[in-house]
Amino acid sequence: MTSFLDEYAAYTAAHGTPDRIELLLPDINAIHRGKWLPGTDAKKLQEGGVRLPLSTYAPNIMGEDIPETGLGIAIGDPDGIMVPVEGTLKPVPWADGHVAQVQCEMTGDGDVTSPLSTRDKLAAMVHRFAERGLKPVIATELEFYLLLPREAPEDAPCPPPHAPEAQNYELNVLDRTQEILTEIQQASAIQGLATDSLIAEYGPGQYEINFHHSDNALEAADTAVLFRRLVRGVVQRHGMEATFMAKPYAEYPGNGMHVHVSVSGEDGNIFPGTGDDPSDLLGYAVAGVLKTMPEVQAVLAPHLNSFRRFAPGSFSPNRPDWGLDHRGAAVRLPDTEGPGARLEHRIGGADCNPYLAITAILGGVLWGLDNKPPLQMPIDDPSAPQPAPLAHDWRKAVDAFAGSEFIKDIFGERFVEIYATLKYDEIAKLTSEITPAEYRTYLGRL
């Protein structure tokens, strides 16, 4: 294993000494927290001299410590030691000056990664596959919107000028934003992010990036998390905003994170069959993710706004169903033959924590492979019964998550308790606000 100082020496040989190193710690919502370290202090990070409170992993979405989690000041708010993740020291090309970044985790007792780490939850799931001689292969797709800059955080979003209301795949849209999109692609290449195609999506100012498939699930999730940071940084340099919020506009499609999954065994992909029908193993995997979908919805749709994507007619699947190359289904099978045989999970929002989302999806795949449940009829079949819809209510989804033995098995009971506590706190705070629409509709009439 390469030490961080060896990695740092290689970095400085290629790029020179950075002015600072940004230490990135993704919290439970995949929001980066951390510290700036002078570029000359790399040895301090290597030797365990950089610390943060362990509770930094688990604030609510507003950034607040919640005493009911049993973390923070309730237990004296003890520190963890920041540990760099191997291979993640990269330049930050959109920053002023010479800036580097490195992903970090924190250790609690001894050298063990904190059980609050969402990245470590995915590592543990990958280990479960490895115990069976299997390796998941992952690719994500992320959607985002470009916006005009807003004066205040509560201001509504506004699309860029001349953005058509339905811009799906329109090349003229890419031409008009070429400078921004090209810089995003260049910055991705500099940071080694495995970006593939970039398209104009349906909504005004909406885009989608596809990533290459990777047999390193941790790397695939890292890529999604780091790309979100990259896009916001690059776009800000151009005097605009970018958002991966699930549903920034009521009248336009939301932002999703689709996850493509195949599984490799000793002889390669285990999913291919013959003809259009999925193979037995692919069918078990699909049945597994459909069976567990209501229980994992709270990590695929983690926020109040996330649930606006599931409203009828909102361009997003809202039932646990599947189809052959059917974009209206929650699980789409783009290919059932050859090395590309895989499932595409289409429920997650671009606002989710990719580590948790991919862990939950892979947990469903593994549950299906282990338990071999029957596969329901596809959405393409006109005689197929319609499954019950997923939750349209945030609290109902968190209740299903908190009470699920499947969820406790893949995430651990203590983590589930903390996650649910944070979400119940956010529900209490965000749903208790009276909206301007209520004042406009009721105050003067009733």
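The values are calculated or read from the model by the stated rules, or taken from the named source; none is laboratory data. What you see is a predicted model, and the numbers here were worked out from it, not measured in a lab. In this analysis, Cβ positions are derived from the backbone assuming ideal geometry, glycine residues included, and neighbour counts consider all displayed protein chains. When the accessible area is computed, the model is the full protein with side chains, heavy atoms only, and any ligands, DNA or RNA have been set aside. Shrake-Rupley method; radii C 1.70, N 1.55, O 1.52, S 1.80 Å.
Multiplying the residue separation of SER3 and ASP267 by 0.36 nm and subtracting their alpha-carbon distance yields 91.7 nm.
Listed by chain and number, the lysines whose C-alpha is less than 22 Å from the C-alpha of LYS423, apart from same-chain residues fewer than 8 away, are LYS121, LYS247, LYS396, LYS408. Hey, for a label at ASN168 modelled as a point 7 Å past Cα toward Cβ, could you say which residues of the stretch 298-332 have their backbone N under 16 Å away? Within reach of a label on ASN168: 313-317, 325-329. Near SER214, the amide H atoms lying under 5 Å from its own belong to ILE138, ALA139; only residues 5 or more places off or on other chains count, and H is placed 1.01 Å from N. Taking each residue as 0.36 nm, the span from ASP96 to ASN371 lengthens on full extension beyond its C-alpha to C-alpha distance by 93.7 nm.
Taking amide H positions as modeled 1.01 Å from N, with prolines and chain starts lacking one, the residues under 5 Å from LEU52 and 5 or more places away or on another chain are GLY80, MET82.
When only Cα pairs below 8 angstrom with a gap of at least 6 residues are kept, the chain shows a relative contact order of 15 percent. Pairs of Cα atoms nearer than 8 Å and 6+ residues apart set the relative contact order; for the stretch 59-137 it is 17 percent. Averaged over its residues, the chain has an accessible area of 44 Å² per residue, based on protein heavy atoms and a 1.4 Å probe.
Counted over the chain, the DSSP beta bridges are approximately 85% antiparallel.
Applying the Karplus relation 6.51 cos²θ - 1.76 cosθ + 1.60 with θ = phi - 60° to the stretch 269-280 yields 3J(HN,Hα) values of 4, 8, 8, x, x, 10, x, 6, 5, x, 5, 4 Hz, where x marks Gly and Pro. When each of the peptides 434-440, 189-195, 117-123 is scored by how many other beta carbons lie within 10 Å of its residues on average, the order from highest to lowest is 117-123, 189-195, 434-440.
Shape class of the stretch 173-327 from the Cα gyration tensor (axes a ≥ b ≥ c, square roots of the eigenvalues): oblate, since a/c reaches 1.5 or more and a/b does not exceed b/c. At a 1.4 Å probe radius, carbon and sulfur cover how many percent of the accessible area of the stretch 243-362? Roughly 48 percent of what the probe reaches on the stretch 243-362 is carbon or sulfur. Applying the criteria of a DSSP loop state and at most 16 other Cβ atoms within 10 Å to the GluC sites (Glu not before Pro) of the stretch 5-62 yields GLU47.
In the stretch 199-280, which GluC sites (Glu not before Pro) fall in coil by DSSP and have 16 or fewer other Cβ atoms within 10 Å?
GLU251, GLU266
Taking the accessible area of the stretch 153-240, probe 1.4 Å, and keeping the other protein chains in place, the carbon and sulfur fraction comes to 47%. Using θ = phi - 60° in the Karplus curve 6.51 cos²θ - 1.76 cosθ + 1.60, the 3J(HN,Hα) couplings for the stretch 222-238 round to 4, 4, 5, 5, 5, 5, 4, 5, 4, 4, 4, x, 5, 5, 4, 4, 9 Hz; x is entered for Gly and Pro. The C-alpha radius of gyration of the chain, expressed as a fraction of 2.2 N^0.38 Å, stands at 0.98.
Which order do HIS127, HIS303 take by accessible area at a 1.4 Å probe, largest first?
I get HIS127, HIS303, largest accessible area first.
Working ranking of peptides 387-400, 343-356 by packing, defined as the average number of other Cβ atoms within 10 Å per residue, highest first, is 343-356, 387-400. Take the alpha-carbon positions of the stretch 2-141, form their convex hull, and give its projected area averaged over all directions (one quarter of the hull surface) in nm². Projected area, direction-averaged: 10.7 nm². Stretching the chain fully between LYS44 and THR441 yields a gain of 137.1 nm (0.36 nm per residue, less the alpha carbon separation). Give the long-range amide H neighbours of GLU201: residues separated by 5 or more places, or on another chain, with amide H under 5 Å away, using H modelled in the peptide plane at 1.01 Å from N. So GLU201 has HN proximity to TYR169, GLN206, TYR207, GLU208.
Across all Cα pairs in the stretch 191-271, the calculated P(r) in 5 Å bins from zero up to the longest distance comes to 3, 11, 20, 22, 19, 11, 7, 4, 2, 1, 0 percent per bin. Roughly how many percent of the accessible protein surface of the stretch 21-82 is carbon and sulfur, given a 1.4 Å probe and a whole-percent answer? Ligands and nucleic acids excluded, carbon and sulfur reach 54 percent.
PHE227 contributes an accessible area of around 0 Å² to the protein surface, as traced by a 1.4 Å probe with all chains present. Each listed q (0.10 Å⁻¹) maps to a log10 I(q)/I(0) for the stretch 101-226 from the Debye sum over equal C-alpha point scatterers, namely -0.47.
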